[in-house]
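Data first, discussion second: the structure below is written as structure tokens.
The values are calculated or read from the model by the stated rules, or taken from the named source; none is laboratory data. Everything numeric here is computed off the predicted structure, so don't read it as measured data. Neighbour counts run over all protein chains shown; Cβ positions are idealised from the backbone, glycine included. Only protein heavy atoms, including side chains, enter the accessible area calculation; ligands, DNA and RNA are left aside. Shrake-Rupley method; radii C 1.70, N 1.55, O 1.52, S 1.80 Å.
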Amino acid sequence: MQNTPEAIPAPVAEAIIAAGARLDGRNWVPATAGNLSIRLPDGRVAITRSGFHKARLTPDSLMVVDLDGRPEQPGLRPSAETLLHCGAYRRFPEAGAVLHGHSIANTVLSRLAGESITLEGYELLKAFPGLPTHEASVTLPVFDNDQDIARLQGVVEARWNRMAADEDVIPPGYLLRGHGVYVWGPDMDTALARTEALEFMLDCHLHEHPPHPRRTA
């Protein structure tokens with residue numbers, strides 16, 4: 001099947017393009033960083049192609065893959081982390097859109113964190129499902145970055161399985177150490193709202209817990 005603008009419904013392409021501009025306006029997708037996707041009604045995934053600046057997306061900057069990350073048009077190259085998007089869609093049937101961005105706060109905090117970052121007491125926690133009040137907390141998993149994306153997705157899946165076995169709530173997002181954040185929602189508007197809420201809380205957390213300055217010789 002050829003990848004043409006008609007292969008991706010116009011409202012889907014428009015939503016991804018608008019999301020790219022919105023994230024760029026907050027400096028969360030510098031250079032060609034980040035990737036964005038929407039699950040199509042038939043289960044396929046519309047996702048940004050590799051190497052495109054998210055502030056200047058067009059329908060030609062997008063492509064379609066299946067849930068195993070295989071492109072419908074083999075000559076097109078999807079974003080490097082496509083398998084992480086697909087992993088979220090496979091695991092969470094309610095996920096309809098996935099965003100990946102690189103903010104200063106999520107990059108710095110993920111480099112300093114252990115296996116997780118806990119955010120509590122913030123009003124914007126209410127942007128996450130099942131948290132109707134600020135008197136709650138969200139514990140975001142942090143994973144070591146890995147250029148082998150299939151292996152990395154296996155590590156992510158294993159953590160999700162442990163969390164489910166321990167009856168822990170699996171939040172709709174996680175961080176990659178020194179790399180960025182992944183957030184998903186039932187639709188693009190919700191994914192964007194959760195991303196903005198999370199980035200605000202991470203920025204607050206970074207200000208409350210500034211890194212200690214490194215000593216120089």
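Return the FRET efficiency for the residue pair GLU167, ARG26: r is the Cβ-Cβ distance, R0 is 41 Å, and the value is rounded to the nearest 0.05. Can you show the working numbers first?
Values: r = 35 Å, r/R0 = 0.85.
Result of the calculation: an efficiency of 0.75.
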Q. Looking only at THR48, THR118, THR107, which one moves most when the chain is put into a Gaussian network model with springs between Cα atoms under 10 Å?
A. THR118
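Just the number, please: Stokes-Einstein D of region 53-136 in µm²/s, Kirkwood Rh from C-alpha pairs, 20 °C, 1.002 mPa s. Let's see the in-between values first.
Values: Rh = 16.0 Å.
My calculation gives 134 µm²/s for D.
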Q | Percentage relative contact order, region 25-162, counting C-alpha pairs under 8 Å, at least six apart | A | 21 percent
Q | Most fluctuating residue given options ALA46, ALA164, ALA33, as computed from a GNM of the chain linking Cα atoms under 10 Å | A | ALA164
Q: Find how much the distance from ALA150 to LEU40 grows on full extension, using 0.36 nm per residue of separation minus their present alpha carbon separation; answer in nm with one decimal.
A: 37.4 nm
Q.
Treating only the Cβ of Lys, Arg, Asp and Glu as charged (+1, +1, -1, -1), what charge dipole size does the chain show about its Cα centre? Round to the nearest 20 debye.
A. 640 debye
Q: Would you work out what percent of the accessible area of the chain, with all protein chains in place, is carbon or sulfur (probe 1.4 Å)?
A: 53 percent
Q. GNM on the chain, C-alpha springs below 10 Å: top fluctuator among ARG177, ARG162, ARG56?
A. ARG162
Q: For region 92-217, state what percent of all Cα-Cα pairs lands in each successive 10 Å bin, counting from 0 Å until the bin that includes the largest distance.
A: 13, 44, 35, 7, 2, 0
Q. Using all Cα-Cα distances in region 117-166, what percent lands in each 10 angstrom bin from 0 up to the longest?
A. 23, 36, 31, 10
**Q.** Value of [θ]222 nm, deg cm²/dmol, for the chain, DSSP H segments ≥ 4, -39500 (n - 2.57) each, nearest 500
**A.** -11000 deg cm²/dmol
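To the nearest 20 debye, what charge dipole does region 151-213 have about its Cα centre, counting +1 at the Cβ of each Lys and Arg and -1 at the Cβ of each Asp and Glu?
Working: 5 positive and 10 negative charges, 76 e Å.
With only Lys, Arg, Asp and Glu charged at Cβ, the dipole is about 360 debye.
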Q) Between region 36-94 and region 139-217, how many Å separate their Cα centres? A) 20 Å
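Taking the Cα centre of region 116-156 as the origin, how large is its charge dipole in debye, to the nearest 20, when only Lys and Arg (+1) and Asp and Glu (-1) carry charge on their Cβ atoms?
Working: 2 positive and 6 negative charges, 24 e Å.
My answer is approximately 120 debye.
Could you give the accessible area per residue of region 67-159, probe 1.4 Å, as a whole number in Å²? Show your work: numbers first, answer last.
Values: 4440 Å² over 93 residues.
On a per-residue basis, 48 Å².
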